[in-house]
1. 7 Å from Cα along Cα→Cβ at both residue 316 and residue 52: what's the point-to-point distance in nm?
2. Pairs on different chains or at least eight residues apart, Cα atoms closer than 29 Å: how many lysine pairs in the chain fit?
3. Run the helix sum for the chain: -39,500 (n - 2.57) per DSSP H stretch of 4+ residues, divided by residue count, reported at 222 nm to the nearest 500 deg cm²/dmol.
4. Considering the chain, what Rg and Dmax in Å follow from its alpha-carbon atoms?
5. Tally up the carbon and sulfur contribution to the accessible surface of segment 93-202 as a whole percent, 1.4 Å probe, everything protein left in place.
6. Taking only protein heavy atoms and a 1.4 Å probe, what accessible area per residue, in Å², does segment 81-180 have with all protein chains in place?
7. Nearest 20 debye, what's the magnitude of the dipole of segment 101-199 about its Cα centre given +1 on Lys and Arg Cβ and -1 on Asp and Glu Cβ?
8. Rounded to two decimals, what ratio of Rg to Rh does segment 119-266 give with C-alpha atoms and a Kirkwood Rh?
Amino acid sequence: MRRLALAAVLLLGACSAGPAPSEVVPRSAAAPQPANASTVSAAPSSSAAPPACDATASLRPGPLPQAGQMPAGSTMATIAQRGRLIAGVDQNSYLMGFRNSFTGEIEGFDVDVARQIAKAIFGDEKKVQFRVVTAAERIPMLQSGAVDVVVRTMTITCERLRDVDFSQVYYQAGQRVLVRRNSGIAGVEGLADKRVCVASGSTSLGNVVNRAKTTVSVPNWTDCLVMLQQGQTDAISTDDTILAGLAAQDPYTEVVGARFTDESYGVGVPKGQEDLVRFVNGVLERMRADGTWSAIYGRWLTPLGPAPTPPVARYRD
């Protein structure tokens, strides 16, 4: 018994002594930031201000050719000869463009729009190759010819029209704010003394950088959600379509405040490919007329509310 008691005392002493100084693990450590995160102090500026333009007025479509019968010499015929449409999309924006963790497939509203373009060319919506691009990569990928189109929550602006062309508006979004529940932040006006996260290469960056105390730029919106969850930022600000997807992934967050910008999404097309712009516009016209647009909205965007009327096309010719 005496030996057992002595053993118990030695064991208790070993448990209470704690690890040697070299083995002590800090109680807390700063959470690492996402790769390529940076603090932004001013909105990105180009070397010259873009000329004023009617940004959302696109090129009028002609009659759509029959699928599988693209006009000889057209951009669509070149795509058809390749055997697939190459579309730049997102994989980190739930509801708009995301990778299904069960199937591995990329899905979402933007993805279905790209599938409709492929269907109009080939008669088969599966003849599309999706290439994942970040917000900052959208224009370079179009300029290099790495993709035929970009369908990735891309706002039409006069500045971007210097580098790429756009379809008519296929979705009308607006910038709002995502915060943790009970944060006390009610909208963009509450960001003046807060740390806000945005994605690099997005129009959201320029819209919010002068409204917040600190603006952090990261490659993807899911990076922003992780930073918000870890307490590294107080809010995320971008289009309500993207914020709705982030909020659906974390029930402890909420979208607050009214829209404070208008974000008109267009399909990005390489500069000078007017025939492809007109073709895509014809596809979008048909989607509005036959109910496809509303069906795609109902499949993905009901968290934003009942399906609105599709955006009305505006043309400059």
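1. 1.4
2. Here the count comes out as 5.
3. -9000 deg cm²/dmol
4. Final numbers for Rg and Dmax: 24.7, 101 Å.
5. With neighbouring chains kept in place, the figure for segment 93-202 is 45 percent.
6. 36
7. 300
8. 1.01
The values are calculated or read from the model by the stated rules, or taken from the named source; none is laboratory data. Quick caveat: nothing in here was measured; it's all calculated off a predicted structure. No Cβ is skipped: glycine too gets one built from the backbone with ideal geometry, and neighbour counts run over all protein chains shown. Ligands, DNA and RNA are stripped out before the accessible areas are found, and what is left, the full protein with its side chains, is counted by its heavy atoms. Shrake-Rupley method; radii C 1.70, N 1.55, O 1.52, S 1.80 Å.
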